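*Asks:* Sharing a structure, written as structure tokens. Questions coming.
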Amino acid sequence: MERTVGIDEKVPVYKPYLGQEVQDAARDALEVGWLGMGKLSKQFEEAIEARLGLTERRVVSTNSCTEALHIAARLIGLGPGDEVIAPAFTYVAGHQAISRTGAEIVFCDVEPDFLTLDPARVRELITERTKAIVVVDYTGLPARVDELLEIAREHGLRIIEDAAHAFGSSSAGRPVGSFGDLVCFSFGPVKTITTLEGGAVVTPNPEDVQTLHELRHLGINSDTDARYKNQRNWDFDVVRQGYRCHLGSVPSAIGLAQLAMVDEFVKNRQDYCRYYDAALRDVEGVQLFDTDWEGVAPYIYVVRVRDPSRRAALVEHLAERGIASGIHYYGAHQYSFYEDCRRGDLSVTELAAQQVLTLPLHPYMEDGVLDRVVEGVRSFFA
């Protein structure tokens, strides 16, 4: 395997693995010459189904997780007059996917331990207009989906699980995506596996697949099966408002190559998170997540700076040492576009947004690189 960052180079927050296996897969797909949605798109969907151990549930690939969330929202009929409860503490892509339907976002707080949606706070926000709940699996740590599913059943609601961070993670021994309601994955440029840009919806209802195919491809009712054979069907009808968000053949080929290595990617990330935990546990200035990372496919490694006023200085301190860092996330209720949305108390979100700091995490990091990151954090607080 090729290394990702040498010990004397700048250390990025993210760096996808794009080794020879991936490049060969892309080249082979290009040589076939069928670049749009095709056989490889179907093979990628089936490979994800196999990876998750799915029998009845089905996977529909898309060109991004944002579009996966969007067509999932369209599938359940979200529109003007509906309310959707969602965490403020997440990337705005999920909010944009929902608000694009005309539905209104209701911002909910997260619980303090793992910064995932707080079921107790969800209950407080449900009204007669509530139609769905968006759940986010933060950093790869699964949210309390079972509790939220029970709340949804009590009130006749649907759940869209934004599992953009959690491909490869498990909850109670069940792979994320193999249980629950609608689950959306990301295979974007910096995710655990990448298709360059890409995503997928997992539906528990096989009868939804045709609708998702139509939503994904311009409302066309009978072209997907032909494209899955690298063919075109010219005799079709347009039966609904649709969008153009399918996954092409070259990205699918890259995804298949990445999927073949996902166990190694996940083990890398778990090992590095445990390394960071062991090295930073006694640093009083930071708070770590209380997990051993078993069953978790970490997308990012996040610490919380206990004194928020020191975070900016820590970012600068690391940058001076050639170490990049990131912030996942600010509260979306603070953005101009969403500032008038209904919300509950967001005190956990607001504190977390001031504290969180993302440290570098990617496949095949050398020990010297990990040590540089650790030394950068420890020297700041020393």
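*Asks:* So if I restrict to the alpha-carbon atoms in the stretch 20-259, what is the Rg, and what is Dmax, the biggest pairwise distance, in Å?
*Replies:* 17.6, 56
*Asks:* What trypsin sites (Lys or Arg not before Pro) in the stretch 232-263 are in a loop by DSSP, with at most 10 other Cβ atoms within 10 Å of the Cβ?
*Replies:* For trypsin sites (Lys or Arg not before Pro) across the stretch 232-263 that sit outside H, G, I, E and B with at most 10 neighbouring Cβ atoms in 10 Å, the list reads 232.
*Asks:* In the chain, what is the count of Lys pairs whose alpha carbons are under 22 Å apart, counting only pairs at least 8 residues apart or on separate chains?
*Replies:* For the chain, the number of qualifying lysine pairs is 7.
*Asks:* Given the convex hull over the Cα atoms of the stretch 1-114, what projected area results after averaging over all orientations, in nm²?
*Replies:* Mean orientational projected area (the stretch 1-114, Cα hull): 11.7 nm².
*Asks:* Just need the relative contact order of the chain here, percent rounded to a whole number, with Cα pairs under 8 Å and 6+ apart.
*Replies:* Relative contact order of the chain: 25 percent.
*Asks:* Scan the chain and note any complete DSSP helix (H) whose C-alpha atoms cover at least 30 Å along its axis and whose Kyte-Doolittle average is -1.0 or more.
*Replies:* none
*Asks:* Positive end of the dipole of the chain, charges at C-beta (+1 Lys, Arg; -1 Asp, Glu), about the Cα centre: which of 86, 360, 29 has its Cα farthest in that direction?
*Replies:* 29
*Asks:* Hey, another quick one. Out of all DSSP beta bridges with both ends in the chain, state the antiparallel percent to the nearest 5.
*Replies:* 55 percent
Read-outs throughout are calculated quantities, based only on the coordinates presented, and are distinct from any laboratory measurement. Only a predicted model underlies this, so the values are computations on that prediction, with no experimental measurement involved. Glycine also receives a Cβ, built like all others from the backbone with ideal geometry; neighbour counts cover every protein chain displayed.
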